[in-house]
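The values are calculated or read from the model by the stated rules, or taken from the named source; none is laboratory data. These numbers were taken from a predicted model, which means no experiment stands behind them. Please note: Cβ atoms are built from the backbone with ideal geometry, for glycine as well, and neighbour counts cover all protein chains shown.
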Amino acid sequence: MEPIKPKTIEELRTLFQPIADIYKRKKKELSRIDKLACWITDHVGSMGFFLIIFGWTFIWLGWNTLGPKALRFDPYPAFVLWLFLSNLIQILLMPLIMVGQNTQADHADTRAEADFEVNTKAELEIENILMHLENQNALILRILEHLEKKSDS
(Lines give C-alpha, C1' and ligand atoms only; values in the text may rest on other atoms or scores of the structure.)
Protein backbone atom coordinates (compact mmCIF):
# COMPACT_ATOMS: atom_id res chain seq x y z
CA MET A 1 0.00 0.00 0.00
CA GLU A 2 1.40 3.35 -1.05
CA PRO A 3 1.56 5.87 1.82
CA ILE A 4 -0.55 9.00 1.63
CA LYS A 5 1.50 11.92 0.46
CA PRO A 6 1.51 14.73 3.06
CA LYS A 7 0.79 18.28 2.00
CA THR A 8 3.65 20.69 1.55
CA ILE A 9 3.95 23.82 3.68
CA GLU A 10 2.86 25.95 0.73
CA GLU A 11 -0.25 23.80 0.27
CA LEU A 12 -1.07 24.14 3.97
CA ARG A 13 -0.65 27.92 3.82
CA THR A 14 -3.12 28.22 0.94
CA LEU A 15 -5.84 26.49 2.95
CA PHE A 16 -6.17 29.31 5.50
CA GLN A 17 -5.84 33.05 5.65
CA PRO A 18 -2.94 34.37 7.71
CA ILE A 19 -3.68 34.83 11.39
CA ALA A 20 -4.75 38.40 12.10
CA ASP A 21 -5.20 40.45 15.26
CA ILE A 22 -8.96 40.11 15.69
CA TYR A 23 -9.03 42.63 18.56
CA LYS A 24 -7.64 45.45 16.40
CA ARG A 25 -9.87 44.59 13.45
CA LYS A 26 -13.01 44.44 15.61
CA LYS A 27 -12.11 47.68 17.39
CA LYS A 28 -11.83 49.49 14.04
CA GLU A 29 -15.29 48.25 13.02
CA LEU A 30 -17.04 49.73 16.08
CA SER A 31 -19.12 52.86 15.63
CA ARG A 32 -18.60 55.84 17.92
CA ILE A 33 -21.75 54.96 19.85
CA ASP A 34 -20.57 51.38 20.34
CA LYS A 35 -17.17 52.65 21.51
CA LEU A 36 -18.94 54.97 23.98
CA ALA A 37 -21.11 52.10 25.23
CA CYS A 38 -18.01 49.92 25.72
CA TRP A 39 -16.24 52.73 27.53
CA ILE A 40 -19.24 53.25 29.83
CA THR A 41 -19.57 49.50 30.43
CA ASP A 42 -15.87 49.23 31.25
CA HIS A 43 -15.91 52.19 33.66
CA VAL A 44 -19.34 51.79 35.24
CA GLY A 45 -18.67 48.12 35.83
CA SER A 46 -15.63 48.91 37.98
CA MET A 47 -15.04 49.08 41.72
CA GLY A 48 -13.94 52.69 41.31
CA PHE A 49 -17.36 53.69 40.01
CA PHE A 50 -19.05 51.69 42.75
CA LEU A 51 -16.95 53.45 45.41
CA ILE A 52 -17.75 56.88 43.91
CA ILE A 53 -21.50 56.17 43.92
CA PHE A 54 -21.33 54.63 47.41
CA GLY A 55 -19.33 57.59 48.75
CA TRP A 56 -21.63 60.14 47.11
CA THR A 57 -24.70 58.39 48.53
CA PHE A 58 -23.11 58.22 52.00
CA ILE A 59 -22.23 61.95 51.88
CA TRP A 60 -25.66 62.89 50.50
CA LEU A 61 -27.58 60.96 53.10
CA GLY A 62 -25.19 61.94 55.91
CA TRP A 63 -25.37 65.67 55.10
CA ASN A 64 -29.14 65.66 54.76
CA THR A 65 -29.54 63.71 57.99
CA LEU A 66 -26.82 65.14 60.24
CA GLY A 67 -25.93 68.49 58.65
CA PRO A 68 -27.16 71.89 59.90
CA LYS A 69 -30.90 72.12 59.31
CA ALA A 70 -30.59 75.42 57.48
CA LEU A 71 -28.12 73.91 54.94
CA ARG A 72 -29.91 70.62 54.28
CA PHE A 73 -31.15 70.67 50.68
CA ASP A 74 -33.01 67.34 50.79
CA PRO A 75 -33.86 66.78 54.47
CA TYR A 76 -35.03 63.51 56.02
CA PRO A 77 -37.36 61.79 55.09
CA ALA A 78 -37.72 63.47 51.69
CA PHE A 79 -34.53 62.40 49.81
CA VAL A 80 -36.72 62.69 46.74
CA LEU A 81 -34.09 64.42 44.64
CA TRP A 82 -31.51 61.70 45.36
CA LEU A 83 -34.04 58.95 44.60
CA PHE A 84 -34.90 60.71 41.36
CA LEU A 85 -31.22 61.08 40.38
CA SER A 86 -30.36 57.50 41.30
CA ASN A 87 -33.31 56.19 39.31
CA LEU A 88 -32.34 58.42 36.39
CA ILE A 89 -28.78 57.04 36.52
CA GLN A 90 -30.12 53.49 36.56
CA ILE A 91 -32.54 54.12 33.71
CA LEU A 92 -29.81 55.65 31.54
CA LEU A 93 -27.06 53.20 32.43
CA MET A 94 -29.00 49.96 32.00
CA PRO A 95 -29.46 50.21 28.21
CA LEU A 96 -25.93 51.57 27.77
CA ILE A 97 -24.46 48.72 29.79
CA MET A 98 -26.51 46.21 27.80
CA VAL A 99 -25.32 47.72 24.51
CA GLY A 100 -21.73 47.55 25.77
CA GLN A 101 -22.19 43.95 26.91
CA ASN A 102 -23.69 43.02 23.54
CA THR A 103 -20.74 44.63 21.76
CA GLN A 104 -18.30 42.84 24.05
CA ALA A 105 -20.14 39.55 23.52
CA ASP A 106 -19.92 40.07 19.75
CA HIS A 107 -16.19 40.69 20.16
CA ALA A 108 -15.88 37.51 22.24
CA ASP A 109 -17.70 35.55 19.52
CA THR A 110 -15.28 36.91 16.92
CA ARG A 111 -12.33 35.88 19.12
CA ALA A 112 -13.86 32.42 19.52
CA GLU A 113 -14.17 32.10 15.73
CA ALA A 114 -10.52 33.13 15.36
CA ASP A 115 -9.52 30.60 18.02
CA PHE A 116 -11.48 27.92 16.18
CA GLU A 117 -9.71 28.79 12.93
CA VAL A 118 -6.31 28.64 14.62
CA ASN A 119 -7.19 25.31 16.25
CA THR A 120 -8.41 23.89 12.94
CA LYS A 121 -5.21 25.04 11.25
CA ALA A 122 -3.10 23.49 14.03
CA GLU A 123 -5.03 20.24 13.80
CA LEU A 124 -4.42 20.03 10.06
CA GLU A 125 -0.73 20.77 10.54
CA ILE A 126 -0.48 18.10 13.25
CA GLU A 127 -2.18 15.56 10.98
CA ASN A 128 0.29 16.50 8.26
CA ILE A 129 3.22 16.03 10.66
CA LEU A 130 1.85 12.63 11.66
CA MET A 131 1.60 11.64 7.99
CA HIS A 132 5.22 12.70 7.52
CA LEU A 133 6.21 10.56 10.50
CA GLU A 134 4.27 7.59 9.14
CA ASN A 135 6.03 7.98 5.80
CA GLN A 136 9.40 8.20 7.54
CA ASN A 137 8.61 5.09 9.58
CA ALA A 138 7.64 3.22 6.43
CA LEU A 139 10.87 4.33 4.72
CA ILE A 140 12.98 3.34 7.72
CA LEU A 141 11.32 -0.08 7.82
CA ARG A 142 12.01 -0.56 4.10
CA ILE A 143 15.65 0.47 4.59
CA LEU A 144 15.98 -1.95 7.52
CA GLU A 145 14.43 -4.77 5.48
CA HIS A 146 16.76 -3.99 2.60
CA LEU A 147 19.78 -3.98 4.94
CA GLU A 148 18.70 -7.28 6.49
CA LYS A 149 18.41 -8.85 3.06
CA LYS A 150 21.89 -7.58 2.12
CA SER A 151 23.39 -8.90 5.34
CA ASP A 152 21.73 -12.32 4.88
CA SER A 153 23.18 -12.70 1.41
**Asked** If you go through the range 86-105 one residue at a time, do you hit one that is surrounded by fewer than 11 Cβ atoms within 10 Å (Cβ to Cβ) and more than 17 Å from residue 41 (Cα to Cα)?
**Response** yes
**Asked** Is the range 82-92 home to any residue that is of a type in the set (Ser, Thr, Tyr) and free of Cβ contacts under 8 Å to residues at least 60 places away in the same chain?
**Response** yes
**Request:** Could you please give the count of residues in the range 54-80 that are modelled with pLDDT of 85 or more and in contact with a Ser or Thr (Cβ under 6 Å, 6 or more places away or on another chain)?
**Result:** 0
**Prompt:** Any residue in the range 61-74 that is surrounded by 11 or more Cβ atoms within 10 Å (Cβ to Cβ), in contact (Cβ under 8 Å) with a residue 12 or more places away in the chain, in a loop (DSSP other than H, G, I, E, B) and over 43 Å from the mean Cα position of the chain (by Cα)?
**Reply:** yes
**Of all residues making up the range 81-91, the number that are closer than 25 Å to residue 31 by Cβ and modelled with pLDDT under 80** = 0
**Prompt:** Looking at the range 106-123, is at least one residue more than 30 Å from residue 8 (Cα to Cα), out of contact with any Lys or Arg (no Cβ under 9 Å at 6 or more places or on another chain) and modelled with pLDDT of 85 or more?
**Reply:** yes
**Prompt:** In the range 114-153, which residues are surrounded by 10 or more Cβ atoms within 10 Å (Cβ to Cβ) and charged (D, E, K, R)?
**Reply:** 115, 117, 121, 123, 125, 127, 134, 142, 145, 148
